[in-house]
Each structure stands twice: as structure tokens, then as C-alpha cells.
Amino acid sequence: MTIRGLGKQVQVCTEPSRAVNSTTFTFGSGTAPANSQESDTHHRRKHLTDRCEHGRMPTASADERAAGLPAVVREIEEFAGTAGWDRPPQMFALVPTQELLTAEPDLAEQIDPEAVLTPIAQDELPAEDLAEALAQISWPEQVAGCALVQEIVVLPPEAEAGLPEDGEAARAAAAEHPDRQEARLVAGVLREGGEACVMRLRDTGDDNGDLLQDTSLAPNLLRALHATFT
């Protein structure tokens, strides 16, 4: 599917348990039991059709998009987790769900029509030249926000203070530091200025690791994402 104005093929993301095929997933608010998915899809499609016919497809307000952003960022982190660790950075376009369904009503069976925003996976980005890659990105008007998934190395404050000033040397030193901890970071922003950020620490055991949520986790990355809308 091509979102008009993006000029590239895009992938709608969904919950792993509602996989449309081996590479396409959709986020949703819940998963129906396997024996009820067909009727659930029919109900949602009919509900969407009725709303279109009666003109009841309101676009979410800026406040509603801002309120829904943290949940979308957490869902993207969950989606990224299904692919495991040691993955390159990946960008997601955040599109208002009602506008997406108005343009592409056949997607009603893949996405939650009640969701404020739908994340759409873009191409993976180079970890080595991430800043340069972000500087080249711009979005068409129908994209309300974006989110980036990136694996990082986290160090204690005292260890960070001892890192070299050179960026490349600092990254190399952090990667070899005995107190390093790997993490998956997801930062998301909206065109209107909203932002959200989560980070999951990598656990060496069977657990998924702790999930932290705070915009102070990645202020520089959030600024770089905001810049893609300027």
C-alpha cells in the first residue's frame, strides 16, 4: 500500500497475534479469539461503512492526538520487540486513523478504527549515519507525527562523565564499558509539538526487561524528530 504523498510502499503495523501475513502486522486495542476474528472483522467493516455513509468520520483533535501518542509509542516498542534484539533503527509514520480509513477503507480489517493514530513502518535506517539520515527526512501533510525505534547503550552517570568528547570514540568506549546495559528506545513526536518516549532495558534472562517512560530519556533525538516537520 502506498500512502498518498509518501511515495513509497509502507507497512501497517498491528499486534503480532493479528498478523495478516508473516511480515505485516496491525496495532489494535485487543485481539479477538481465533474463532471470532472473521465476525469481528465483518462487524468493524460494517461499522466503518455506516460511519462513512452517514458522514461520521471526525478527525481527532490535536489534544486527542497528544493524549494518544504515549500509547502508540508503547505499542511500537511492543511491535519492535517481536523482531528481537540487535536490529537497525526504524522509522514509523503516524497517520490519523480516520483519515487513513477514509482514503483506504479496505484497511478496516487490519487496524483499529477507534485508534487516534496508526503507525506505519518505513524503511530501516543506518545506525552509523542516523543523524544524517534523519536530516534528510520530510513528511507530507497527512502524516501527523513520527516515531523512531533505536537500540542504544546505557551507562551509569559516573561512567558517562568519563567518556571521550569525540562522538565516535565515546560510542566505542560505551560499547566496551563493563557497566554498559543495552536498551531499546522509542521516541515519538507530533507535528503540533507533542512528544513521548519509552525505553526497555535488555534483560539477559527470560523477562522482557523494564519499560521506562519519560520524555527526558532522549531530548536530542526528540529534537531531531521534530526537525523532520520543519
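The values are calculated or read from the model by the stated rules, or taken from the named source; none is laboratory data. Because the structure is predicted, anything quoted here is derived from the model rather than measured. Here the Cβ positions follow ideal geometry from the backbone for every residue, glycine too, while neighbour counts run over all protein chains shown. For accessibility, only protein heavy atoms count, side chains too; no ligands or nucleic acids. Shrake-Rupley method; radii C 1.70, N 1.55, O 1.52, S 1.80 Å.
A few remarks follow.
- Members of the range 86-99 found to be more than 16 Å from the chain's Cα centre (by Cα) and open to solvent by less than 60 Å² (accessible area, probe 1.4 Å), listed by number: Gln98
- Residue within the range 176-188 that is of a type in the set (Gly, Ala, Ser), touching a strand residue (DSSP E or B) at 6+ places or on another chain (Cβ under 9 Å), within 27 Å of Met91 (Cβ to Cβ) and modelled with pLDDT under 75 present: no
- Filter result (part of a loop (DSSP other than H, G, I, E, B), more than 18 Å from Gly193 (Cβ to Cβ) and touching a residue at least 60 places away in the same chain (Cβ under 8 Å)) within the range 131-141: Pro140
- Taking the criterion of being open to solvent by 20 Å² or more (accessible area, probe 1.4 Å) and assigned to a helix (DSSP H, G or I), the residues of the range 100-120 that qualify are Thr102, Ala103, Pro105, Asp106, Glu109.
- Filtering Glu124, Glu151 for residues that are free of Cβ contacts under 8 Å to residues at least 40 places away in the same chain and either in contact with a helix residue (DSSP H, G or I) (Cβ under 6 Å, 6 or more places away or on another chain) or within 26 Å of Leu211 (Cβ to Cβ) (or both) leaves a single hit, Glu124.
- Of the residues screened, Val73 is one that is touching a residue at least 40 places away in the same chain (Cβ under 8 Å) and either at positive phi or among the β-branched types (Val, Ile, Thr) (or both).
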